[in-house]
Structure formats: C-alpha cells, structure tokens
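*Asks:* Structure incoming, see below.
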Amino acid sequence: MRYLYTLAMFLVTPLLVLRLLARGVRSRPYHQRWPERFGFFRTPGFNGSLWVHAVSVGEVNAAEPLIKALQRDYPRAQLVVTTVTPTGTARVQQLFGDSVFHVYLPYDLPYAVSRFLKKIRPRLALIVETEIWPNLYFACRRRGIPLMIVNARLSERSLRGYRPLRGLLRSALRCVTLIAAQSRTDAARYRLLGADPQQVLVTGNMKFDMPIPDGAVELAAGMREQWGPRRPVWMAASTHEGEEQAVLEAHLQVLKRLPDALLLLAPRHPERFRLVEHSVRSLGFTVATRGLEGVPSSSHQVFVIDAMGQLMPFFAGSDVAFVGGSLVPIGGHNVLEPAALSVPVLVGPHTFNFDEITRSLIEQGGAMRVTGTAQLGPDVLRLLLDAASRERMGRDAQGVFERERGAVQRVMQLIDGMLQE
C-alpha cells in the first residue's frame, strides 16, 4: 500500500501545483516559495534541531505556548517551524520573527522528504494536531528521529475518511514514538486507527495555555472609546463562504431593535477579505475596514477585520462572539479566544473539529449553540439585551478556560524525557 500511495502522490503532484496556481489568483503568497514544497531551500547548517510542524493558523496558535516553552527551556536549540499554508507562514513570522527557522513542509514524496530532513537534521519532530504523512513518518523512523504527535486530535469524520487507508496509516503510526492526545476520545480514535495503545497518552489541549497578548484588553478599551463605549457590539469571527450572509441578516435583525449596534466581522481567509467587504457594502451597511480606517467610528454599522492574527483585542471589545465555520460543515474554529476574555460564545451546529471543548463550554454555561442561520439574529439580540446573562456566560466560559490549563507543561515533561533518552 505504501508503494501505491507513493505512486498516487507522484500522479497527484501536478494537480497540487495547479491548485497552488489557482489559489494564487486570489492570494498571491501561494505563488511564492514553491521550491520549498519539494525540499529545495537554503541549508541552515543545523545539527540536531527541534522541529515543530503546524499546518496552518489554528495549529500555529495552538503551538505558540509550546514553541515559547522550547525556546525558554532549550535556549541553545535550533528551532525549525514548518507550515503548509501562507496564512500559517504569516502567523509564524508575526509571532516569532527570526527567532525560528521557517520553511514549508514538502509534499509527501520520498526524495522531497529526504532532502528536507537532510537539511534541517532534527533530533526531535513534533507534529501538531492531525498530520499523518506516511513517507515522512517512515523517513523519520529510518533516520532514528523520535516523532511525537502533540495536541493530537482526530474527529469522527476524519477517522471515517482514513479507514480506506487504515493499513498504511497503522504502519505509519507505528513510526511515532508518542501521541499526546487532547482528550480520551481523541486517544481512543488514534488507537482505532492503529496506533500502539502503549504510546497514546492524554495530556489535554494546549490551546488552553495560549497567552492573552500583552495590551489586548487595554487596546480594546481604547477602541470602545472611539466607536462608542455604550454601543452594543458583537463579533463574527473566522467566517466562511455561506456564513457572512447569515451574519449580515442577523445584524439587520439586531439593528431593528438596537440601531446603534456594531458588528465586527472577521473572515477566515485573506483572499476573501475584499469579497466580503464588497458584499457588506452592497447590502447598504456603513462599513469600515481594519486596513483603511483602522478602527470603526460611531457612524459605522459593520467593521471588516481584514487582517490576520489580530482578533484578540476585538474579542476583548465585544459583548458577544459568534465563532464561524460552524453554520456550514467546516467543523468550527477556536472558541477559546473569546472564552479566555470572559466573552459569551455562540456556535452553530457543526463543531466536530472542536467537539469536546465546545461541548464543555456549552455544558458549563459559557457558550450557546445556534440551531441554524435563522436563529443567529434572535440569539445575538437576546444576549445583547441581557447584561446579566452575558456576565454569567462570560464568567463560566473563563472558568472553563482556566480549569483546563496545563497541557503544555505535561507535553514538555514528555519532550524532556525523550531528549534525555
């Protein structure tokens, strides 16, 4: 099966290149640094680096406290961080700058993987969340590189999708030294996929250890003074195609009862920023954007956040937060950012990517599930009109966030043990 898989990877590579070309039409960074995707990049001269792979923005954010812990505890180590998407790359550069060596992870082709490993020469590989690449995993085992999946999660949907390749993936997972799962459910799914039960541990979710950026709360207070400190404000974060229309219709319902309400709208992908802005303007809203106006004024009804990695101050300045990717079957996004700031959270019906976190928040009263697009407006309006409920939900959400912290420390203990060995 591995030979068939490798043949399939060679056959599909031209399609992957065409996909990069197509995506680059809307987002120019997809046209950059192509050689890295085949293992061609300047040799950094490392010997025994610590390598962390985080596929995109969400995984980079999850890995942030771990990478900072590695920098603190191993100050002389050469740190390599790989991503797959340009947005993940931008987030790495924003968080760490030149303190880490960033390169794109190559396609899972034997020669590309071999070139990559030969150039960064890692003594430990840390894969964040769910990235199972058989040729990469086999290459790490062949070179004696300990491989650990950290903050490991596996949704029921992903488990079903992997089943046709279960034999191959079982062999790949047997190349992994340790799997540090987010929850008992994730651990059980990895075992079902073929991981050695003795090598699967539950360490918790590292996203609970994410730091609140310095000055985020103070910046939020300053923005509220500018757009109107008494205005009702709600935020729709990480929205996808098919969700912005529902969000804007919800805001129209809110404006009928609260005419001075403000919507902060943050699309998930940069290539959609302009499209979303045009859609908002076409519906007749008075609009400002992060890129042009910086901060909305008292006259703006909708503010489009057309920037990456800047959501925390806006969450802190909101009364209610809806987290996108959940009204459409994307699987939802990180609900912990608003929870950390004591902001009540709303999600749609599709949250399988963050199932346990979302369920915990809902059960503890820090979040509510919107049953469908038609219900978003009434639910937002009800919370904006009920300060006591907002305060209670925010307090409960923040309580869940604080209670679950500590995963990074547990993962670091495992890493220390592996490096000492």
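*Asks:* Taking the convex hull of the alpha carbon atoms in the range 206-298, what volume per residue do you get, in Å³?
*Replies:* For the range 206-298, the hull spanned by Cα atoms encloses 130 Å³ per residue.
*Asks:* Taking Cα atoms, how many degrees apart are the long axis of helix 244-257 and the longest axis of the chain, rounded to 10 and kept between 0 and 90?
*Replies:* Roughly 30 degrees, rounded to the nearest 10.
*Asks:* Which value, in nm² and rounded to one decimal, describes the direction-averaged projected area of the C-alpha convex hull of the range 279-340?
*Replies:* If you wrap the Cα atoms of the range 279-340 in a convex hull and average its projections, you get 5.2 nm².
*Asks:* Can you pull the one-decimal nm distance between simple spin-label points at LEU419 and SER299, each 7 Å off the Cα toward Cβ?
*Replies:* Here the modelled spin labels are 5.6 nm apart.
*Asks:* Keeping all protein chains in place, calculate the accessible area per residue for the range 32-90 (probe 1.4 angstrom), answer in Å².
*Replies:* On a per-residue basis, the range 32-90 sits at 38 Å².
*Asks:* How much length is gained on full extension from GLN310 to ARG274, taking 0.36 nm per residue of separation minus their Cα-Cα distance?
*Replies:* 11.2 nm
*Asks:* Also, I was wondering about something else. What is the pair-distance distribution P(r) of the range 142-271, computed from all Cα-Cα distances in 10 Å bins starting at 0, with each bin given as a whole percent?
*Replies:* The percentages, shortest bin first, are 10, 24, 22, 20, 16, 7, 0.
*Asks:* Something else now. In a Gaussian network model over the chain where Cα atoms closer than 10 Å are linked, find which of PRO29, PRO86, PRO65 has the largest mean-square fluctuation.
*Replies:* Among PRO29, PRO86, PRO65, the largest GNM mean-square fluctuation belongs to PRO29.
*Asks:* Please list log₁₀ I(q)/I(0) at q = 0.11, 0.16, 0.18, 0.21 Å⁻¹ for the range 1-149, using the Debye equation with identical point scatterers on the alpha-carbon positions.
*Replies:* Listed by q, the Debye log ratios stand at -0.41, -0.88, -1.12, -1.50.
*Asks:* Pop a pseudo-label 7 angstrom from the Cα along the beta-carbon direction at both MET1 and LEU385 and give the gap in nm to one decimal.
*Replies:* Each label point is offset 7 Å from its Cα along the Cβ direction, giving 5.6 nm.
*Asks:* Here's a follow-up. What is the calculated FRET efficiency for ARG395 to ALA188, with r their C-beta to C-beta distance and R₀ = 41 Å, to the nearest 0.05?
*Replies:* About 0.80, to the nearest 0.05.
*Asks:* If you bin the C-alpha pair distances of the range 131-175 every 5 Å from 0, what whole percents do you get?
*Replies:* Here the calculated profile for the range 131-175 is 5, 20, 29, 27, 13, 5, 1.
*Asks:* When you count, for each residue, the other Cβ atoms within 10 Å and take the mean per peptide, how do 8-14, 175-181 rank with the highest first?
*Replies:* 175-181, 8-14
*Asks:* Using only Cα atoms, find the angle between the long axis of helix 110-120 and the longest principal axis of the chain, and express it within 0 to 90 degrees, rounded to the nearest 10.
*Replies:* Rounded to the nearest ten degrees, it is 80.
*Asks:* Counting only protein heavy atoms, what percent of the accessible surface of the chain is carbon or sulfur at a 1.4 Å probe?
*Replies:* Ligands and nucleic acids excluded, carbon and sulfur give 53 percent.
*Asks:* What whole-number distance in Å separates the alpha-carbon centres of the range 310-330 and the range 195-253?
*Replies:* Rounded to whole Å, the Cα centres lie 4 Å apart.
*Asks:* Can you tell me the accessible area per residue over the range 111-263, all protein chains present, probe 1.4 angstrom, in square angstrom?
*Replies:* Ligands and nucleic acids excluded, the figure is 42 Å² per residue.
*Asks:* Helix 57-73: angle to the longest alpha-carbon principal axis of the chain, degrees 0 to 90, nearest 10?
*Replies:* Result, in degrees: 60.
*Asks:* Evaluate 2.2 N^0.38 Å with N set to the residue count of the range 333-421, then give the Cα radius of gyration divided by it.
*Replies:* 1.35
*Asks:* Another question, if that's okay. Rounded to the nearest angstrom and ordered from largest down, what semi-axes does the equivalent ellipsoid of the range 216-257 get from its C-alpha gyration tensor (root of 5λ)?
*Replies:* Square roots of five times the eigenvalues give 24, 15, 5 Å.
*Asks:* Still on this structure, please answer the following. Please express the shape of the range 188-344 as an equivalent ellipsoid: the semi-axes are the square roots of 5 times the eigenvalues of the C-alpha gyration tensor, given largest first in whole angstrom.
*Replies:* Calculated on Cα positions only, the semi-axes equal 32, 19, 13 Å.
*Asks:* Quick check on the chain: what are the equivalent-ellipsoid semi-axes from the Cα gyration tensor, as sqrt(5λ), descending, whole Å?
*Replies:* 38, 23, 21
*Asks:* How many angstrom lie between the C-alpha centres of the range 39-86 and the range 270-287?
*Replies:* Distance between centres, Cα-based: 35 Å.
*Asks:* Here is a further query. Sort 203-212, 107-116 for me by packing, meaning the mean count of neighbouring Cβ atoms within 10 Å per residue, highest on top.
*Replies:* Packing proxy ranking, top to bottom: 203-212, 107-116.
*Asks:* Helix-derived [θ] at 222 nm for the chain: sum -39500 (n - 2.57) over DSSP H runs of at least 4, divide by residue count, nearest 500?
*Replies:* Counting only the DSSP helices, I get -14500 deg cm²/dmol.
The values are calculated or read from the model by the stated rules, or taken from the named source; none is laboratory data. Given the structure is predicted, the values throughout are model-derived calculations rather than measurements. Quick reminder, even Gly has a Cβ in these numbers, built from the backbone with ideal geometry, and neighbours come from all protein chains shown. Ligands, DNA and RNA are excluded from the accessible area calculation, which covers all protein heavy atoms including side chains. Shrake-Rupley method; radii C 1.70, N 1.55, O 1.52, S 1.80 Å.
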